[in-house]
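The values are calculated or read from the model by the stated rules, or taken from the named source; none is laboratory data. Small disclaimer: the values here were computed from a predicted structure and weren't measured. We place every Cβ from the backbone using ideal geometry, glycine too, and count neighbours over all the protein chains shown.
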Amino acid sequence: MKPLSLNTIEGSGSSAADIGKAEQVDGKGFGATLKSAIEKVDAMQTEADVEAQKLAGGEGNLHETMLALEKADISMKVAMKVRNKILDAYNEVMRMPV
């Protein structure tokens, strides 16, 4: 990702429409990256559920189940923090004077 400074925005001659476009990293935009992250969190939640069902059925491993549950819990906490930061940023932009 390119470093962004005030000089690059002012000196680039970019219009407001160009500045508003999302910068793509590795060929994916922000929406695709966010969707991918949400899918990973969902996969961890599903894996934890499967491990818990195995353990309840008497065929699972307690250690693997606890690891899967903790991974799912941490990934959900991180996703919620990211969500809150995005909402805070959105609210801050909406409070800006025009």
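Considering every residue within region 60-68, establish whether at least one is of a type in the set (A, V, I, L, M, F, W, C), modelled with pLDDT under 80 and loosely packed, with under 12 Cβ neighbours inside 10 Å. No, region 60-68 contains no residue that is of a type in the set (A, V, I, L, M, F, W, C), modelled with pLDDT under 80 and loosely packed, with under 12 Cβ neighbours inside 10 Å.
Within region 36-67, the set of residues being in a helix (DSSP H, G or I) and small (Gly, Ala, Ser) comprises SER36, ALA37, ALA43, ALA48, ALA52, ALA56.
Residues that are under 19 Å from the mean Cα position of the chain (by Cα) and among the polar types (S, T, N, Q) within region 49-98 comprise SER75, ASN84, ASN91, listed in sequence order.
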